[in-house]
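A short write-up of the structure that comes next.
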Amino acid sequence: MRDPRITQLADGLINYSVELKPGERVLIENFGVEESLVEALVEKAYEAGGHPFVLLKESRILRKLYTGASREQLELMADIERKQMQAMDAYIGLRAGDNINELSDVPAEQQKLVGATIGKMHTEDRVKGTRWVVLRYPSPSMAQLAGKSTEAFEDFYFNVCTLDYGKMDRAMDALVSLMNETDRVTIKGPGTDLTFSIKDIPAIKCSGQMNIPDGEVFTAPVKDSINGVITYNTPSPYHGFTFENVSLTFKDGKIVDATANDTDRINEVFNTDEGARFVGEFAIGVNPYIQHPMKDILFDEKIDGSFHFTPGQAYDDAYNGNNSSIHWDLVNIQRPDYGGGEIWFDDVLIRKDGRFVVDSLLPLNPENLK
């Protein structure tokens, strides 16, 4: 018998996240998620009058493909998937798997080729051309990363993924308005003293329409406005390696110094292309159920009391002119148990130690979103 929470989750993905309409096509791309959710999504798509399409992928197979693939082969794979994506109105990406490091030994040059072909297709055709949502689904390896039993993690997961995103959406309106009126942002904390402008770059709320779990409001810094230093206090897996103690120094928008637990490796990432040393996103995380990092960015970037400051590609709806084949969400948590910190908008303190202190933003504090 199917867990009723799976049906509830599928209903939210079809009818809230991508808002599938009669006659529309939805691509369900599945990386290792159990069949019951895929089946429920197909059922809910038909109930909505839509036309579901299913694409099945497996990380171990992709590892073999990517390791030996030529540029021409990857370009053809991207072209085939692009044609399918361009025929869709909506996209639901399901992500699971027993090993988050499955692709870790794909050579760096091959990973760059994948990003420049298949990754580019997702950036250009999926993100720009569909109503999309990407979902992480619980697995024993995710429970292990979160430090929980499998059953406890499943309970946590469904709390996170089936909360009242409509309520969150309404509470975010005040933060969106404030960010749209703000010029100068200052962020302070242990190892962090950073200033930049977000003037005239739109603020966008993420409340369950594009990612599940969700819970952030993002914009982008004016490309050349960033100065100072930022030290991230969460581990961040990237291409199969977990970076820790990442510290970046900025001058006029550019990363001029980068250190981490593997400084050579992190500088290789930032040397991917010219845009990799500039920032494409600044976002504030507010999901009340996500309290600690679990080395899964779809969860970690939504952590209550966090922000992320993202080297690489800017999103079209908050575009600051930066282009790159990377988009790396690096997260800093500002709650007291992680060292605290402050966010200031135009010399007004708006969040201290992870809690909003401006009256209009109090509905975004965790006790008001649960």
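Data table
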read-out	value
Correct option for P(r) over Cα pairs in 20 Å bins from 0, in percent [calculated from the coordinates] among (i) 27, 51, 14, 4, 3, 1, 0; (ii) 28, 52, 19, 1; (iii) 29, 62, 10	(iii)
Under-5 Å amide H pairs with GLU281, H placed in peptide plane, nonlocal only	THR310
Note, ³J(HN,Hα) from phi for segment 8-19, Karplus 6.51, -1.76, 1.60, rounded to Hz, x at Gly and Pro	4, 5, 4, 4, x, 5, 6, 9, 10, 5, 9, 6
Solvent-accessible area, 1.4 Å probe, carbon plus sulfur percent, for segment 4-162	50 percent
Length-normalised contact order of segment 99-226 in % [C-alpha pairs under 8 Å, at least 6 apart]	22 percent
Cut-off 20 Å, label 7 Å out along Cα→Cβ of LYS64, residues of segment 78-109 by amide N	78, 96-107
Gained length - GLN84 relative to GLN144, 0.36 nm times residue gap less alpha-carbon distance	18.1 nm
Counting DSSP beta bridges with both ends in the chain, the antiparallel % (nearest 5)	70 percent
Relative contact order (percent, whole number), segment 182-297, Cα cutoff 8 Å, 6+ residue spacing	23 percent
Relative contact order of the chain, pairs being alpha-carbon contacts under 8 Å that are 6 or more residues apart, as %	14 percent
Ellipticity estimate at 222 nm from DSSP helix runs (n ≥ 4, -39,500 (n - 2.57)) divided over the chain, nearest 500	-8500 deg cm²/dmol
Cβ crowding within 10 Å averaged over residues, with 185-193, 145-153 ranked highest first	185-193, 145-153
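The values are calculated or read from the model by the stated rules, or taken from the named source; none is laboratory data. Since the model is a prediction, treat every value here as computed from it, not as a measurement. Don't worry about glycine lacking a Cβ; one is built from the backbone with ideal geometry, like all the others, and counts go over all protein chains shown. Remember, those area values only see protein heavy atoms, side chains included, never the ligands or the DNA or RNA. Shrake-Rupley method; radii C 1.70, N 1.55, O 1.52, S 1.80 Å.
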